[in-house]
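Okay, structure first, notes after.
The values are calculated or read from the model by the stated rules, or taken from the named source; none is laboratory data. Note that the coordinates shown come from a computational prediction; the quantities given were computed from them, not determined experimentally. A quick note on method: Cβ atoms are made from the backbone with ideal geometry, for glycine too, and the neighbour counts reach across all protein chains shown.
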Ligand SMILES: Cc1ncc(COP(=O)(O)O)c(C=O)c1O
């Protein structure tokens, strides 16, 4: 695709906008979606905005049989002046490119990814909530669409993006979550897909999350395949605040490198806080809790931004963190990040892109 032309076919039956109190997360979709097609013969073609509608898909499509599916999660925010912005879209595009490389897929070029999303949000702009804490969640998705049976990379792809207005995870104030330390199932293994946002990773995670929820835990703490080191918490990266350092597991192929993780590290460095990326043993967390060295634990991710952890529990032990209260580091980072996203604080890192 040389210069990006996007055709627009508008819906003839726009939906009523949901009220901000009912939004929750991922329940509503906007009126339109963005799509672009790819084939090895034509390259990228037919960038288009259409009504939100079912996709025509060959029942033999690679995505349905061999799981060639990759997605992203990002957000747009409405500022007080009514203008809308994207938070770090290049980060998400870059991560999709890296994932596509691992899954032998063809990623959309940067212009197609970013301009397509911007054009879609312009069409559905009324759906970007203005209420405090609310935002527009963006789900860019890449799937292999060629119909064939035989395990090889698809020669055809669709890149599409759908939008969902969402409310703050912290509607009733940030409440620390209870987390189950998962020692049976693992999320990723060395040499696998863990560092990508492959749909397959989420299929593989459902069993552990479902069992944890039955036990009344919000999510699981994922460990490495030896069950010795800490990797992630649910669909978030994880940070530990010790007396003298703030630690997050280093990215060594099994962990998804989050945009919020990266932003938190940058913010902490700017605040001259001792933030370190290194391997973290589960035993170190337990020892830290016993000695009082462990002050806070929190998850980071696009949906919740910062999610404090109040309790970690395993089959035969549990620890309560910071008296089950939100700690000062979690609070400060939440305020900084949401302040930048909402335009209440200056965009000192140049993370916002105007739509
Ligand atoms: C497995 C996993 N880890 C970490 C994250 C956090 O990534 P980000 O900060 O880019 O949302 C996510 C969410 O996207 C995730 O699904």
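I need the strands (runs of 3 or more DSSP E) fully contained in region 272-355, keeping only those with at least 3 residues that are within 16 Å of the ligand (Cβ to nearest atom).
Hits in region 272-355: 294-301, 305-314.
If you take the residues in region 30-41 that are out of contact with any helix residue (DSSP H, G or I) (no Cβ under 7 Å at 6 or more places or on another chain) and farther than 17 Å from residue 143 by Cβ, which one is surrounded by the most Cβ atoms within 10 Å (Cβ to Cβ)?
Among those that are out of contact with any helix residue (DSSP H, G or I) (no Cβ under 7 Å at 6 or more places or on another chain) and farther than 17 Å from residue 143 by Cβ, it is 31.
I'd like the full set of residues that are in contact (Cβ under 8 Å) with a residue 60 or more places away in the chain, surrounded by 22 or more Cβ atoms within 10 Å (Cβ to Cβ) and assigned to a strand (DSSP E or B), limited to region 233-270.
233, 236, 237, 238, 239, 241
Restricting the search to region 185-200, which residues are within 13 Å of the ligand (Cβ to nearest atom) and surrounded by fewer than 19 Cβ atoms within 10 Å (Cβ to Cβ)?
192, 200
Residues being under 13 Å from the mean Cα position of the chain (by Cα) and either modelled with pLDDT of 95 or more or surrounded by fewer than 21 Cβ atoms within 10 Å (Cβ to Cβ) (or both): count how many of those fall in region 286-304.
5
Check region 155-162 and report whether any residue there is more than 14 Å from the ligand (Cβ to nearest atom), in the same structural domain as residue 29 (by TED's automatic domain parsing) and surrounded by fewer than 17 Cβ atoms within 10 Å (Cβ to Cβ). Walk me through it before giving the result.
Our first condition is that a residue be more than 14 Å from the ligand (Cβ to nearest atom); within region 155-162, this holds for 155-162.
Now restrict to residues that are in the same structural domain as residue 29 (by TED's automatic domain parsing): 155-162.
From what's left, surrounded by fewer than 17 Cβ atoms within 10 Å (Cβ to Cβ): 155.
There is at least one residue in region 155-162 that is more than 14 Å from the ligand (Cβ to nearest atom), in the same structural domain as residue 29 (by TED's automatic domain parsing) and surrounded by fewer than 17 Cβ atoms within 10 Å (Cβ to Cβ).
So which residues in region 103-124 are over 18 Å from the mean Cα position of the chain (by Cα), part of a helix (DSSP H, G or I) and closer than 19 Å to residue 259 by Cβ, if there are any at all?
Correct list: 110, 116, 118, 121.
For every residue, the table says whether it meets (1) outside the structural domain of residue 23 (by TED's automatic domain parsing); (2) closer than 17 Å to residue 8 by Cα; (3) buried (at least 20 other Cβ atoms within 10 Å of the Cβ); (4) touching a helix residue (DSSP H, G or I) at 6+ places or on another chain (Cβ under 7 Å).
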residue: 92; (1), (2), (3), (4): no, no, yes, yes
residue: 104; (1), (2), (3), (4): no, no, no, no
residue: 110; (1), (2), (3), (4): no, no, no, yes
residue: 135; (1), (2), (3), (4): no, no, yes, no
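Can you confirm whether residue 211 is surrounded by fewer than 17 Cβ atoms within 10 Å (Cβ to Cβ) and either over 20 Å from the mean Cα position of the chain (by Cα) or within 15 Å of the ligand (Cβ to nearest atom) (or both)?
Details: surrounded by fewer than 17 Cβ atoms within 10 Å (Cβ to Cβ): yes; either over 20 Å from the mean Cα position of the chain (by Cα) or within 15 Å of the ligand (Cβ to nearest atom) (or both): yes.
Yes: the conditions hold for residue 211.
I'd like to know if region 168-175 contains one or more residues that are modelled with pLDDT of 95 or more and in contact with a helix residue (DSSP H, G or I) (Cβ under 9 Å, 6 or more places away or on another chain).
The answer is no; no qualifying residue exists.
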